Number of protein chains: 2
Amino acid sequence: MPGSDRKAVTSSTTFKALRVLEAVAASPQPMGLSDVAEAVGFDKSTTYRMLNTLAEAGYIVRDDLAKRYSLSYKVVYLSRNLLAENEVMRLSHQMLERITAETGETTHLCVLDGQQTVLIQKVKGTQLVAVDFQIGDRSPLHCTSIGKALLAFQDVRFIEEVIAAGLPKMASNTLTDPEAFRKELHLVRAQGYAIDDHEFSDSMRCIAAPIFEPDGHVGMGISLSGPDTRYTLQRLEELRGPLLRAAWDLSERLGGAPWK
Amino acid sequence: MPGSDRKAVTSSTTFKALRVLEAVAASPQPMGLSDVAEAVGFDKSTTYRMLNTLAEAGYIVRDDLAKRYSLSYKVVYLSRNLLAENEVMRLSHQMLERITAETGETTHLCVLDGQQTVLIQKVKGTQLVAVDFQIGDRSPLHCTSIGKALLAFQDVRFIEEVIAAGLPKMASNTLTDPEAFRKELHLVRAQGYAIDDHEFSDSMRCIAAPIFEPDGHVGMGISLSGPDTRYTLQRLEELRGPLLRAAWDLSERLGGAPWK
DNA sequence: TAATGAAGTTTCATTTATTGAAATAGCAAA
DNA sequence: TTTGCTATTTCAATAAATGAAACTTCATTA
């Protein structure tokens, strides 16, 4: 199937159930049956059956009095192995704290997941005005510093898949031309870090660096993001040193081989 | 359906898919098709279809070379609203840090989720030997201090449901007699905290207190747990003050009304 | 107090999807 | 090259899902 037009065999009923789960998860407050049915576009009786199923399986909780549904903590339980307190997470957290102690800025640790990045750790800085990303937040690869920092160190096949998936314009400086984007990734790979200067958002700039694993693979990285009023190009230059030192040290401690 | 023998209408196909998801999530390393099929007990072709579905929906990632499946960070993304950085989480974290600063012990914040508790926040203490619970870990209600601390403040109907579900013996001091257990909950309610003295595990003791919301409802609490060699009954007595002050202060800051 | 409207729940004939045994494909090891 | 095992596909039979319609519940309105 990979690279093929023919889709893999799948289960349409399961897709429906997952759509219902996502609708409930996305809502900041409990939802009624009609709300969910409207959000997912399924018949009420189909939606009702899926809600019952998810509740019985423990993924959502039904408030029997209000007849409303909300997400259960079971999904947090499923995430356990992903977010477990292990050596990698501990060392990473130390490095985030180090950068934040040196710079005062909020620092993020992200992983590559499919064709996006996911924020998994964060240490808040002292600045009152900061970019407020949440654990679990996903970001595109083509127009964020962390996305480019991770993508530049993937194999060419994957890079081409991302390019083929499209480079939609998100801000005034988003690179949408495939050739220009490939050049940018070459630059990122050469210099070992990436900058987002109004590519993802016109009010924010970022800088990010990859973390290397023992086999040379890159699956996560560190980034600093902030409002462009404070994150001038000069400020990014000041942040580069602490960021790269931390990324290098973390890679070494994990047994990684940066810049091989 | 509540209280009825008749089950709600559900989707058996969805249950199968969720079982597959849970099997992949539970594995510390990527699994092949045959591994998953064996773990869930479904035919390989059924399992194959569910894996394809979960992969296409983004919940698991397929390594095309090794033909192995692992959990995606999408479940972390679904958890966003549950673990979001909000005022409750910020204040709670401050209180955990306060207790840990005063006592040196690891502190936990747990929520009531169905008939279990889930660990959602943790501040590590300075002690080398500590109970190593993970974010997402679930615990029973009937034999943990946090379980009893939360259960004691639920309405009687829910308490009776938990008792009806069974009080299995987990350690030498587990309360398995319903009447003795009801008395214990009365005591917890009266004193405002709970102690687990070899009820959950014969090598650990714990103390926990509920957090009150503005409407008087109790949905989460704080607990301290440790090896029984350090967590003597006297030590629990020493921890009671810092724990109750923090729980009280957090309840007040959240607008809650403790012990109404 | 009765009528109305909307949300939630159930029914069931019809339709669609799923199932899984068997066959086939792929690939590493002997 | 053969063997053995995993992964993938096929498809007739079976089971499940679907959703329109009916029914139930309850709050609101006249």
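What residue among B:Gly221, B:Asn173, B:Val129 has its Cα farthest toward the positive end of the dipole of region B:80-253, where the charges are +1 on Lys, Arg and -1 on Asp, Glu, each on the Cβ?
B:Val129
With a 10 Å cut-off between alpha carbons and a GNM built on chain A, which of A:Thr232, A:Thr100, A:Thr13 moves the most?
The residue that fluctuates most here is A:Thr13.
Considering only protein heavy atoms, what is the solvent-accessible area of A:Glu22 at a probe of 1.4 Å, reported in Å² to the nearest 10?
50
Can you compute 3J(HN,Hα) from phi for each residue in region A:63-69, using the Karplus curve 6.51 cos²θ - 1.76 cosθ + 1.60 with θ = phi - 60°, rounded to whole Hz and x for Gly and Pro?
Values, residue by residue: 7, 5, 6, 7, 6, 10, 10 Hz.
Can you give me the long-range amide H partners of A:Arg68? Hydrogens built in the peptide plane at 1.01 Å from N, cutoff under 5 Å, separation of 5 or more residues or another chain.
The answer is A:Asp63.
From the phi of every residue in region A:210-225, what ³J(HN,Hα) in whole Hz does the Karplus formula 6.51 cos²θ - 1.76 cosθ + 1.60 yield, where θ is phi - 60° and glycine or proline is x?
In residue order, the calculated couplings are x, 10, 9, 8, x, 7, x, 5, 10, x, 8, x, 10, 9, 10, 10 Hz.
In nm, one decimal, shortest first: how far is the label point of A:Glu87 (7 Å from Cα along Cα to beta carbon) from the matching points in the other copies?
Copy-to-copy label distances at A:Glu87, shortest first: 4.3 nm.
Roughly how large is the B-A contact in terms of buried accessible area, totalled over both chains, probe 1.4 Å, nearest 100 Å²?
So the buried area, both faces added, is about 5000 Å².
Dipole size in debye (nearest 20) for region A:12-76 around its Cα centre, Lys and Arg Cβ +1, Asp and Glu Cβ -1?
Details: 8 positive and 7 negative charges, 20 e Å.
Once rounded to the nearest 20, the dipole reads 100 debye.
Running a GNM on chain A with Cα contacts under 10 Å, which residue among A:Met170, A:Met204, A:Met31 ends up with the highest mean-square fluctuation?
Result for chain A, Cα springs under 10 Å: A:Met31 fluctuates most.
Given q = 0.06, 0.12 Å⁻¹, what are the Debye log10 I(q)/I(0) values for the protein assembly as shown, with equal point scatterers placed on the Cα positions and solvent ignored?
-0.32, -1.25
For helix B:87-103, report the angle its Cα long axis makes with the longest principal axis of the Cα atoms of chain B; keep it between 0 and 90° and round to the nearest 10°.
On a 0 to 90 degree scale, this one is about 60.
Roll a 1.4 angstrom probe over the protein heavy atoms and tell me the percent of accessible area of the protein assembly as shown that is carbon or sulfur. Could you put the intermediate results ahead of the total?
Details: 12180 of 23780 Å².
Here carbon and sulfur together make up 51 percent of the probe-accessible area.
Just check region A:105-222 against the gyration tensor rule for me: Cα atoms, a ≥ b ≥ c as the square roots of the eigenvalues, rounded for a/c under 1.5, and otherwise prolate or oblate depending on whether a/b exceeds b/c.
It comes out oblate by the Cα gyration axes.
Would you mind counting up the charge near B:Gly226? Only other residues with Cβ under 10 Å from its Cβ, with Lys and Arg at +1 and Asp and Glu at -1.
Numbers: positive: B:Arg205, B:Arg230, B:Arg235; negative: B:Glu105, B:Asp228.
Charge balance near B:Gly226 sits at +1.
Over the whole of A:111-121, what's the average partner chain Cβ count within 10 Å per residue? Rounded to a whole number, please.
Mean inter-chain Cβ contacts per residue within 10 Å come to 3.
Which whole number gives the average count of other chain Cβ atoms within 10 Å of the Cβ atoms across peptide A:50-59?
What the average comes to for A:50-59 is 6.
Of B:Gly192, B:Thr106, B:Phe153, whose Cα points farthest to the positive end of the dipole of region B:72-196 (charges on the beta-carbon: +1 Lys, Arg; -1 Asp, Glu; origin at the Cα centre)?
B:Thr106
Ranked by accessible surface with a 1.4 Å probe, highest first, in what order do B:Arg49, B:Arg205, B:Arg19 come?
Listed by decreasing accessible area, they come as B:Arg19, B:Arg49, B:Arg205.
How large is the direction-averaged shadow of the alpha-carbon convex hull of region B:1-109, in nm²?
Convex hull of Cα atoms, orientation-averaged projection: 11.3 nm².
Provide the net charge surrounding B:Thr47, with neighbours chosen by a C-beta distance below 11 Å and charges set as Lys +1, Arg +1, Asp -1, Glu -1. Let's see the in-between values first.
Details: positive: B:Lys16, B:Arg19, B:Lys44, B:Arg49; negative: B:Asp35, B:Glu38, B:Asp43.
Once all neighbours under 11 Å are counted, the net charge is +1.
Treating only the Cβ atoms of Lys and Arg (+1) and Asp and Glu (-1) as charged, compute the dipole magnitude of the protein assembly as shown about its Cα centre; round to the nearest 20 debye. All intermediate terms of the calculation are to be shown ahead of the outcome.
Details: 58 positive and 66 negative charges, 134 e Å.
Here the size comes out at about 640 debye.
Quick one: which residues, 5 or more positions from B:Gly219 or on another chain, have an amide H under 5 Å from its amide H? H modelled 1.01 Å from N in the peptide plane, none for Pro or chain starts.
Hits under the 5 Å cutoff: B:Ile211, B:Glu213.
Among rounded, prolate and oblate, which fits region B:12-76 when a ≥ b ≥ c are the square roots of the eigenvalues of its C-alpha gyration tensor, a/c under 1.5 means rounded, and a/b larger than b/c means prolate?
Because its axes are fairly even, with a/c under 1.5, region B:12-76 counts as rounded.
Determine the sum of side-chain charges near B:Thr14: Lys and Arg each +1, Asp and Glu each -1, restricted to other residues whose C-beta is under 12 angstrom from that of B:Thr14.
+4
Taking the label point as lying 7 angstrom from Cα along the Cα-to-Cβ axis, what are the distances from B:Gly216 to the corresponding position in the remaining copies, in ascending order and in nanometres?
Between copies, matching label points for B:Gly216 lie 6.7 nm apart.
Probe radius 1.4 Å, ligands and nucleic acids left out: which of B:Lys148, A:Lys67 has the largest accessible area, and how do the rest follow?
Accessible-area ranking of B:Lys148, A:Lys67, largest first: A:Lys67, B:Lys148.
Per DSSP H run of at least 4 residues, take -39500 (n - 2.57); add these up for the protein assembly as shown, divide by its residues and hand me the 222 nm value, nearest 500 deg cm²/dmol.
After summing the helix terms and dividing by the residues of the protein assembly as shown, the value is -13500 deg cm²/dmol.
Go ahead and set up a Gaussian network model of chain A, Cα springs under 10 Å, then flag whichever of A:Ala66, A:Ala152, A:Ala209 fluctuates most.
Of A:Ala66, A:Ala152, A:Ala209, the Gaussian network model singles out A:Ala66 as fluctuating most.
The values are calculated or read from the model by the stated rules, or taken from the named source; none is laboratory data. No experiment lies behind these values; they were computed from the predicted model shown. No Cβ is skipped: glycine too gets one built from the backbone with ideal geometry, and neighbour counts run over all protein chains shown. Heads up: the accessible areas ignore ligands, DNA and RNA and are worked out on the full protein's heavy atoms, side chains in. Shrake-Rupley method; radii C 1.70, N 1.55, O 1.52, S 1.80 Å.
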